[in-house]
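Step one of this worksheet: look at the structure below.
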Amino acid sequence: MTPSAVYRHPRYYAIGYRWNTDPECDFIEACLTAYGSSKASRLLDIGCGAGRHAMELSRRGYQLTGVDLSPEMIAFVQEESKRANLPVTAVVDDLRHLSLRGTYDAAFCFMDTFRFLLTNEEITAHLRTVAGLLAPGGLYLTDFWVPAKWDLIGDEIHQWEQTEGDTTVRVFYLQHPESVDPISQTFDDELVFVVEEPGGIQEIRGGPTRTRLLLPQEFEALVGRSGAFTLRSTHGEFNLAKPFDRSTLSWRMISVLQKCDAPQADPAERSPERAPSPSVRRESKG
Ligand SMILES: C[S@@+](CC[C@H](N)C(=O)[O-])C[C@H]1O[C@@H](n2cnc3c(N)ncnc32)[C@H](O)[C@@H]1O
């Protein structure tokens, strides 16, 4: 997988994506209260990007660790948190095989990062690894794109813009329909930033990145298969009172997973019980 080139520009990313950070952090806190982890203090941000959640939650008094594949993003989080005097830990790591150690009360993986897990095996392995990093009853919150309409699968475009000081970042999220593989349920999507600053305008094309189409029922089945988490609720926006249902017709699904008390073995992976071998009678013709 080639990571999007826009992730090498954390300052522009931080501007372009800051729009919903406070409500998203409020949602994390609401989940901790609702699902019995109100004393939670140690939080893990998986695919932390430029650290918008990590910094805000650190400001609110939590102990934050952020991991991301992009060294530029991690360096940015380290510099910004130092500048703001916030004790955020940020390290380079890959969500497909996390090497991080420690125990956390909750983890979250926001803004579509989860869809970089391309296969069922990567998803269940990731869920088990995250559960292994969580305290008993720990929460894992995910947030990823789902098609609101089936005839748009792999063919959506979203765009928005944000301004900070004299810098405006226009973000374009594109899906490339010609790249859809309906068997593996993967396709290429792409981020493009158009940055307007006093020195001029530049376009930063992220390049196509392979991502997974993950449907709601399938996600529930994979969470069950992992044996690591129970799916407590799903939402179409960052509001615990609003379940994800047809009235939501949202482009994103936010899920609240809670670590199982005792990991359940996946029936599909259990070694087969010894069954009496079927007797085969060879019939000879003639
Ligand atoms: C769309 S951004 C989301 C960032 C952040 N969660 C947010 O909500 O702003 C996706 C992030 O995932 C990171 N990423 C991509 N592939 C990754 C991987 N395999 N492991 C960890 N991080 C990854 C990128 O570097 C980028 O910072």
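Checking Glu237, Glu220, Glu203 one by one, the residue that is within 17 Å of the chain's Cα centre (by Cα) and away from the ligand (no atom under 16 Å from the Cβ) is Glu220 and no other. Checking the condition closer than 25 Å to Glu197 by Cβ and away from the ligand (no atom under 15 Å from the Cβ), which residue from Ala84, Ala50, Ala5, Ala14 passes? The match here is Ala84. For the stretch 196-234, taking the residues that are in contact (Cβ under 8 Å) with a residue 60 or more places away in the chain and over 26 Å from Pro177 (Cα atoms), the one that is surrounded by the fewest Cβ atoms within 10 Å (Cβ to Cβ) is identified as Arg232. Of the listed requirements (1) touching a strand residue (DSSP E or B) at 6+ places or on another chain (Cβ under 6 Å); (2) part of a helix (DSSP H, G or I); (3) over 26 Å from Ser179 (Cα atoms), Phe114 misses just one: (3). Remark: pairs (first residue in the stretch 63-82, on the phi > 0 side of the Ramachandran plot; second residue within 9 Å of the ligand (Cβ to nearest atom); Cβ separation under 9 Å; 6+ apart in sequence or on different chains) are absent. Scanning the stretch 87-112 for residues that are buried (at least 21 other Cβ atoms within 10 Å of the Cβ) and near the ligand (Cβ under 9 Å from one of its atoms) yields a count of 3.
Within the stretch 78-99, none of the residues are modelled with pLDDT of 95 or more, of a type in the set (Ser, Thr, Tyr) and within 20 Å of Arg225 (Cα to Cα). Can you find a residue in the stretch 218-228 that is β-branched (Val, Ile, Thr), part of a helix (DSSP H, G or I) and modelled with pLDDT of 95 or more? Yes: one or more hits. The set of residues in the stretch 30-47 being of a type in the set (D, E, K, R) and within 16 Å of the ligand (Cβ to nearest atom) consists of Asp45 alone. On the basis of being buried (at least 19 other Cβ atoms within 10 Å of the Cβ), at pLDDT below 95, more than 9 Å from the ligand (Cβ to nearest atom) and not small (Gly, Ala, Ser), does Tyr62 make the cut? So Tyr62 fails the test. Is there a residue in the stretch 139-152 that is within 10 Å of the ligand (Cβ to nearest atom) and free of Cβ contacts under 8 Å to residues at least 40 places away in the same chain? There is no residue in the stretch 139-152 that is within 10 Å of the ligand (Cβ to nearest atom) and free of Cβ contacts under 8 Å to residues at least 40 places away in the same chain.
This table checks each residue for (1) surrounded by 13 or more Cβ atoms within 10 Å (Cβ to Cβ); (2) touching a helix residue (DSSP H, G or I) at 6+ places or on another chain (Cβ under 9 Å); (3) over 22 Å from Thr113 (Cβ atoms); (4) in the same structural domain as Val67 (by TED's automatic domain parsing).
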{"position": "Ala131", "(1), (2), (3), (4)": "yes, yes, no, yes"}
{"position": "Leu141", "(1), (2), (3), (4)": "yes, yes, no, yes"}
{"position": "Phe144", "(1), (2), (3), (4)": "yes, yes, no, yes"}
{"position": "His158", "(1), (2), (3), (4)": "no, no, no, no"}
{"position": "Thr168", "(1), (2), (3), (4)": "yes, yes, yes, no"}
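Residues in the stretch 18-29 that are closer than 28 Å to Ile204 by Cα and touching a strand residue (DSSP E or B) at 6+ places or on another chain (Cβ under 7 Å) were compared, and the one that is farthest from the ligand (Cβ to nearest atom) is Trp19.
The values are calculated or read from the model by the stated rules, or taken from the named source; none is laboratory data. What you are looking at is a predicted structure, and each value in this text was computed from that prediction instead of being measured. Glycine also receives a Cβ, built like all others from the backbone with ideal geometry; neighbour counts cover every protein chain displayed.
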